[in-house]
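Structure first, commentary second.
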Amino acid sequence: MIKRIRYFQAVVRCKSFTEAAAECFISQSAISQQIQSLEHELGVKLLNREKRKFSLTPAGEYFYQKSLVLLTDFERLCHETIRIANKDHAELRIGYLRCYGGLEFRLAVAEFSEKHPDVSVHIINGNHEELYDALRNGGVDLVLNDQRRAFSDEYVNFILTTSECYIEIAARNPLASREWIETDDLKQIPCILVSSPEQQETEKTYYQEIVGIKGDFLFAENLEEARLLVLGGKGFMPIEGGEHEPEFAAKIRRIRLTRKGKSMKRNYCAFWKADNSGYYVEEFADILKSKF
């Protein structure tokens, strides 16, 4: 029946028996027979045929919409069954924010790897747009990212936590004694961003136009380099990962960032393609969620 459902979907999608037959590499008479056979097996009429035209019956419209979900789930089932059976080839490719400072991601990777030692876990890091491109182009299966655009139905948008925004600044800076700080109070202090050279302008624009940072910008390739700049008193760093103080809290303070008296908040999500949902992807997302 699966093959006949595919033929039926092709006919509806193409709005033509002739074009659907060409797409499926069979004759027009053969695809017509397959649709008739599907109707006979279901015991219902799916199409109203009028000379060279056709229209969906109410039952046909319902069957078409539900069959799209059915076949997607069926393909996913087959893919994951093969993937689990061939554990020596199973892999999970994960991306996370280059500037993410929380422990949640590392703890989730450790737990997942302990539970599935036969699954190869490949990890990349990047800025928001780099991770989005990697996910869109199939370079990773799942990413831990902040939400900067509206959710898309093409992806599973799994919200992990909503966190207030913070900065890190050297403990010896006079501002370090404050519990919160306005973006306008930081315009005389350079903002340190973790970014690859290719994404520096994109990150700068985001923090200027969306976050409201008005001062100069410095860039670091990774989180460790950025924190060394903070420790050296070179500027402050917007930090991804919540309010928990870094391991060297005696030297660096983490302060809540506000704008016009209101706390700034950000969603952190696990994103993956809706048509790539599977056992390992969803389990890792659940483990990651538990760490928050």
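The values are calculated or read from the model by the stated rules, or taken from the named source; none is laboratory data. What you see is a predicted model; the values in this text were computed from it and never measured. Here the Cβ is made from the backbone with ideal geometry for all residues, glycine too, and neighbour counts use every protein chain on show. We work out accessible area using only protein heavy atoms, side chains counted, and drop any ligands, DNA or RNA first. Shrake-Rupley method; radii C 1.70, N 1.55, O 1.52, S 1.80 Å.
Cβ under 10 Å from TYR96's Cβ, TYR96 left aside: what net charge do those residues give with Lys, Arg +1 and Asp, Glu -1? So the environment of TYR96 carries a net charge of 0. Model label points for LYS187 and LEU71, set 7 angstrom from Cα along the Cα-to-Cβ axis, are 5.8 nm apart.
Please work out which option in (1) 40; (2) 20; (3) 17 gives percent of Cα pairs over 35 Å apart calculated from these coordinates, and answer with its label. Comparing each candidate, only (1) matches the computed number. Accessible surface calculations at 1.4 Å, restricted to protein heavy atoms, place the stretch 6-99 at 63 Å² per residue. Ranked by the mean number of other Cβ atoms within 10 Å of their residues, highest first, the peptides 284-292, 179-187 fall in the order 284-292, 179-187.
For the chain, give the share of DSSP beta bridges that are antiparallel, in percent and rounded to the nearest 5; count only bridges with both residues there.
On the way: 27 of 46 bridges.
In the chain, DSSP labels about 60 percent of beta bridges as antiparallel.
For the stretch 1-113, a Kirkwood hydrodynamic radius built from all Cα pairs, placed in the Stokes-Einstein relation at 10 °C and 1.306 mPa s, yields a translational diffusion coefficient of 92 µm²/s.
Per residue, the average separation of C-alpha pairs within less than 8 Å and at least 6 apart gives the stretch 134-292 a relative contact order of 43 percent.
Over the chain, what is the mean sequence separation of C-alpha contacts under 8 Å (at least six apart), divided by residue count, expressed as relative contact order in percent?
Details: 471 pairs, mean separation 65.7, N = 292.
With pairs under 8 Å counted, the relative contact order is 23 percent.
Quick check on the chain: helices-only [θ] at 222 nm, where DSSP H runs of length 4 and up contribute -39,500 (n - 2.57) each and the sum goes over total residues. Nearest 500, please. Walk me through the numbers on the way to the answer.
Working: 9 runs with 113 residues, N = 292.
Mean residue ellipticity, 222 nm, calculated: -12000 deg cm²/dmol.
When the alpha carbon gyration tensor of the stretch 198-292 is reduced to an equivalent ellipsoid, the three semi-axes, largest first, read 29, 18, 16 Å. A cut-off under 9 angstrom between Cβ atoms defines the neighbours of ALA274, and their net charge, with Lys, Arg +1 and Asp, Glu -1, is -2. Against the main long axis of the alpha-carbon atoms of the chain, helix 2-14 sits at an angle near 80°. With all protein chains in place and a 1.4 Å probe, the accessible surface of the stretch 133-175 carries 47 percent carbon and sulfur. Once you reduce the stretch 100-165 and the stretch 268-292 to the center of their Cα atoms, the two points are 8 Å from each other.
Computed over the chain with a Gaussian network model linking Cα atoms closer than 10 Å, the most mobile of SER177, SER29, SER67 is SER29.
Over the stretch 157-292, what is the percentage of antiparallel beta bridges among all DSSP beta bridges, to the nearest 5? Please list the in-between numbers first.
Working: 17 of 25 bridges.
Percentage antiparallel, nearest 5: 70.
The modelled label-to-label distance for the pair LEU231/GLN28, using points 7 Å beyond Cα in the direction of Cβ, is 7.5 nm.
Ignoring ligands, DNA and RNA, what percent of the accessible area of the stretch 37-127 is carbon or sulfur (1.4 Å)? Using a 1.4 Å probe with all protein chains present, the stretch 37-127 comes out at 56 percent carbon and sulfur.
The equivalent ellipsoid that matches the C-alpha gyration tensor of the stretch 49-208 spans semi-axes of 43, 24, 14 angstrom, in descending order. Relative contact order, whole percent, for the stretch 1-90 stands at 20, derived from Cα pairs under 8 Å and 6 or more residues apart.
Set the Förster distance to 45 Å, then compute FRET efficiency between ASN267 and ALA85 from the Cβ-Cβ distance, nearest 0.05. Efficiency for this residue pair is about 0.80.
Per-peptide packing, taken as the mean over residues of other Cβ atoms within 10 Å, places 38-45, 189-196 in the sequence 189-196, 38-45 from highest down.
Let's see if you can work this out: charge +1 on each Lys and Arg Cβ, -1 on each Asp and Glu Cβ, no other charges. What is the dipole magnitude of the chain about its Cα centre, in debye to the nearest 20? If you can, show how the numbers build up before the last one.
Details: 40 positive and 44 negative charges, 189 e Å.
Magnitude of the dipole: close to 900 debye.
What net charge is computed for the residues neighbouring ARG4, neighbours being all others with C-beta under 10 Å from the C-beta of ARG4, Lys and Arg scored +1, Asp and Glu -1? Spell out each step's value before the answer.
Numbers: positive: LYS3, ARG6; negative: GLU39, GLU41.
Taking every Cβ under 10 Å from that of ARG4, the sum is 0.
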